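S.K.: Take this structure first; my questions come after.
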Amino acid sequence: MKKSFFLITAAVLVWCGLSSCNTPESLYASGKVFYDAGDYAQAIPLYRDAALGGVAEAQLALGKCYDFGRGVESNPAEAVRWYTLAATAGNADAQDNLATCYALGYGVEKNLEKAFSWYSQAAAQGNAFAYNNLGLCYRNGEGVAVDHVKASDCFYQASIRGNANGQYNLGRSYYHGLGVPVDHEQARLWIGRAAAQGHQNAAAFMKDNDWQ
């Protein structure tokens, strides 16, 4: 056996020695050890048992596995099923992921109003990704009326939480005067922060405007 397998197993055994291994929370923690090591086949059954035990984090993790085909065949409908359980339990990341499924019609019938609702719930919990996505809903009139002021506010909330997409979108709002006054200094500031995080569109925008 590979050395890494022994290390992973040892870590799981140490965890089990510190807590009861048959609780849903412990099953999730053990599954995460395997998942983080890239051993998805070992992680899946542990995640599943924890998810069935009502652990929202496990439901989210299992949804991601089905979403991206990690340790299981990619299955959008199953991803939506587990995201829904976690989202209903109040998990903000699951709410954001589920909203995106509704926005794209991925694994579920496309419904922009439901997407907006789930993004709103996730953003209310301070989820940076959801704030950016909610801003896009307001900017593009998806599931809600166009409102550039609310869009720019959502982009700002995403930006101060370090979300590169939000920073880029906020910068563009300042550049074009959408919901905020035209201010190229603010545009440069926020787009520059996005570019510093490796955001390719932001980097290209900086170059096109000679803001290097």
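S.K.: Among the acidic types (Asp, Glu), touching a residue at least 24 places away in the same chain (Cβ under 8 Å) and under 22 Å from Val55 (Cα atoms): is that true of Glu142 in this structure?
M.R.: no
S.K.: Which numbered condition in (1) more than 24 Å from Arg193 (Cβ to Cβ); (2) in a helix (DSSP H, G or I); (3) not acidic (Asp, Glu) is the only one that Cys137 fails?
M.R.: Checking Cys137 against (1) more than 24 Å from Arg193 (Cβ to Cβ); (2) in a helix (DSSP H, G or I); (3) not acidic (Asp, Glu), the one that fails is (1).
S.K.: For Asn132, all conditions in the list (1) assigned to a helix (DSSP H, G or I); (2) over 13 Å from the mean Cα position of the chain (by Cα); (3) polar (S, T, N, Q) hold save one; what is the number of the exception?
M.R.: For Asn132, the failing item is (2).
S.K.: Sticking with this structure for a sec: Can you tell me how many residues in region 76-108 are touching a Pro at 6+ places or on another chain (Cβ under 9 Å) and either assigned by TED's automatic domain parsing to the domain that holds Val144 or aliphatic (A, V, I, L, M) (or both)?
M.R.: Count: 1.
S.K.: Spot the failing condition for Trp211; the list is (1) in contact (Cβ under 8 Å) with a residue 12 or more places away in the chain; (2) assigned to a loop (DSSP other than H, G, I, E, B); (3) under 30 Å from Trp82 (Cα atoms), and only one is missed.
M.R.: Every condition holds for Trp211 apart from (3).
S.K.: I need the full set of residues from region 37-64 which are surrounded by fewer than 23 Cβ atoms within 10 Å (Cβ to Cβ), within 17 Å of the chain's Cα centre (by Cα) and not aliphatic (A, V, I, L, M), in order please.
M.R.: From region 37-64, those surrounded by fewer than 23 Cβ atoms within 10 Å (Cβ to Cβ) are 37-42, 44-45, 48-49, 52-54, 56-57, 64; that's our starting set.
Next, only the ones that are within 17 Å of the chain's Cα centre (by Cα) stay: 56-57, 64.
Selection gives Glu57, Lys64.
S.K.: May I pose another question? It is to be established whether one or more residues within region 164-175 are surrounded by fewer than 18 Cβ atoms within 10 Å (Cβ to Cβ), out of contact with any helix residue (DSSP H, G or I) (no Cβ under 6 Å at 6 or more places or on another chain) and closer than 24 Å to Ala123 by Cβ.
M.R.: Going through region 164-175, the residues surrounded by fewer than 18 Cβ atoms within 10 Å (Cβ to Cβ) turn out to be none.
No, every residue in region 164-175 fails to be surrounded by fewer than 18 Cβ atoms within 10 Å (Cβ to Cβ), out of contact with any helix residue (DSSP H, G or I) (no Cβ under 6 Å at 6 or more places or on another chain) and closer than 24 Å to Ala123 by Cβ.
S.K.: Just to verify a result, which residue in region 71-108, among those that are small (Gly, Ala, Ser) and part of a helix (DSSP H, G or I), is farthest from Phe129 (Cα to Cα)?
M.R.: So, considering only residues that are small (Gly, Ala, Ser) and part of a helix (DSSP H, G or I), the one farthest from Phe129 (Cα to Cα) is Ala77.
S.K.: What do you reckon, is Gly126 part of a loop (DSSP other than H, G, I, E, B) and over 25 Å from Glu78 (Cβ atoms)?
M.R.: It is true that Gly126 is part of a loop (DSSP other than H, G, I, E, B) and over 25 Å from Glu78 (Cβ atoms).
S.K.: Here's something else I'd like to know. Take Phe116 and decide whether it is crowded, with 19+ Cβ neighbours inside 10 Å and of a type in the set (A, V, I, L, M, F, W, C). Steps first, answer last, please.
M.R.: Details: crowded, with 19+ Cβ neighbours inside 10 Å: yes; of a type in the set (A, V, I, L, M, F, W, C): yes.
Judged against the criteria, Phe116 is a match.
The values are calculated or read from the model by the stated rules, or taken from the named source; none is laboratory data. What you see is a predicted model, and the numbers here were worked out from it, not measured in a lab. All Cβ positions, even for glycine, are placed from backbone atoms using ideal geometry, and neighbour counts span all protein chains on display.
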